[in-house]
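The structure under discussion appears below in the form of structure tokens.
What follows is calculated from the coordinates using simple rules that are stated; it is not laboratory data. Just so we're clear, the structure is a prediction, and the values are computed from it rather than from any experiment. Cβ sites come from the backbone with ideal geometry, for glycine too, and all protein chains shown count toward neighbours.
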Amino acid sequence: EVQLLESGGGLAQPGESLRLSCAASGFTFGSYAMNWVRQAPGKGLEWVSVISGPGTYTKYAASVKGRFTISRDNSRNTLYLDVNSLTVEDTAMYFCAKAKKSISWIDSWGQGTLVIVSS
Amino acid sequence: IQMTQSPSSLSASVGDRVTITCRASQGISNYLAWYQQKPGKVPKVLIYDASTLQSGVPSRFSGSGSGTDFTLTITSLQPEDVATYYCQKYNSDPLTFGGGTKVEIK
């Protein structure tokens, strides 16, 4: 059974940084692309970033490009999202999400980690 | 590429046929998925490749379309279908979601 467990969220002030983590189990982690998707309170889903299985390919939404960095450690079965220069608009639940194969649709989701940006 | 869903919300009776549309601003072939998110839950995929039903999803759900225009149909709405439905493109980045359609029971 695929399990994705996010951590690292919390309260941050504008301009601060956080590192979100996602511990994966139940599948061959390094064989699948992984995504971060966020959802602001009461709002829709927003795709944030994707990384290929080997970690050689990364893409970002325009809203976070240059501020967020996705990475992975396949030896630790862990996905990361470094979020820098946070703004109040980054307040959201951040979901770790496994792609079905390479860059494709999402077949498994974590429960999310909440990031609140407030002064 | 923008993904535009309509309507943004709808209210229908149990047993009704419900149709949700998703329009891409550029052609995406059939690289489209539909997700269901029930209140307080994480999303789950219903349809991928525009029309392929994910294993375990009730057959009252179906998807169609290709290119720029796509449809999710619920043939007979059930109380457990109350949720927000999202489309997502995945032909290339960004892997944009539609704005969502909230489905309620009348």
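Observations on the model:
- Around the amide H of residue B:68, modelled in the peptide plane, lie the amide H atoms of B:28, all under 5 Å away and 5 or more residues distant in sequence or on another chain.
- In this structure the amide hydrogen of residue A:12, modeled in the peptide plane, comes within under 5 Å of the amide hydrogens of A:116, A:117, A:118, none closer than 5 places in sequence on its chain.
- Cut-off of 10 Å, at most 14 other beta carbons, DSSP loop: longest stretch of chain A lacking such trypsin sites (Lys or Arg not before Pro): A:1-42
- Filter on A:100/B:44; A:59/B:38; A:65/A:100; A:65/B:41 - keep pairs with C-alpha separation over 22 Å: A:59/B:38; A:65/A:100; A:65/B:41
- Chymotrypsin sites (Phe, Trp or Tyr not before Pro) within the stretch A:28-58, DSSP loop, no more than 15 other Cβ atoms inside 10 Å: A:57
- Pair residue B:105, residue A:84: separation of 7 Å Cα→Cβ label points (nm): 5.0 nm
- Top of B:42, B:14, B:82 by mean-square fluctuation, Gaussian network on chain B, Cα under 10 Å: B:42
- For the stretch A:113-118, 3J(HN,Hα) per residue [Karplus equation, 6.51 cos²θ - 1.76 cosθ + 1.60, θ = phi - 60°, Hz, x = Gly/Pro]: 10, 8, 10, 10, 10, 7
- Of A:18, A:86, A:45, the one that fluctuates the most in a GNM where chain A has Cα springs shorter than 10 Å: A:45
- In the protein assembly as shown, the DSSP beta bridges split such that about 90 percent are antiparallel, to the nearest 5.
- Comparing B:95, B:72, B:32 in a Gaussian network model of chain B (Cα springs below 10 Å), the most mobile by mean-square fluctuation is B:95.
- Per residue of peptide B:44-51, the mean number of Cβ atoms on other chains within 10 Å of the residue Cβ is 2.
- For residues of A:78-90, the mean tally of beta carbons on other chains within 10 Å: 0
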